[in-house]
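Report on one structure; see the data block that follows.
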Amino acid sequence: MGSGIITSSDEGDVYWVKLEELKDKKLADGMDRMLRVFLEEDISEQYWYKVDGLWKDELK
């Protein structure tokens with residue numbers, strides 16, 4: 001579990017949660033894929049690029 005002092009702001013409350021509880025939380029769009037970058041040893045980046053004016057991403 002995390003430790004330290006966290007401070008909420010006008011953007012909302014900030015608080016620690018257990019990793020397994022994240023699946024039950026409303027996360028920012030794409031955060032589920034970003035978590036894979038942090039947690040899976042064979043993935044080291046999330047690469048964003050445009051195709052025909054639309055943003056695409058790829059985990060590498």
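Tabulated values for the structure
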| read-out | value |
| --- | --- |
| Sequence of 39, 22 once ranked by neighbouring C-beta atoms within 10 Å, starting from the fewest | 39, 22 |
| Whichever lysines have a C-alpha closer than 26 Å to that of residue 23, once near sequence neighbours (fewer than 8 apart) are set aside | 56, 60 |
| Length gained when the stretch residue 17-residue 31 is fully extended (0.36 nm per residue, less Cα-Cα span) | 3.6 nm |
| Computed label-point distance, nm, for sites residue 7 and residue 38 using a 7 Å Cα→Cβ extension | 2.1 nm |
| Whole-number D in µm² s⁻¹ for the chain, Kirkwood Cα-pair radius fed into Stokes-Einstein, 4 °C, 1.567 mPa s | 92 µm²/s |
| CD proxy at 222 nm, helix term only [per DSSP H run n ≥ 4: -39500 (n - 2.57); per residue of the chain; nearest 500] | -4000 deg cm²/dmol |
| 5 angstrom amide H check on residue 43, placed H, neighbours 5+ away | none |
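Since every read-out is calculated from the coordinates, none of them should be taken as a lab result. Keep in mind that what you see is a predicted model, and the values were worked out from it rather than measured. All Cβ positions, glycine included, derive from the backbone under ideal geometry; neighbour counts span all protein chains shown.
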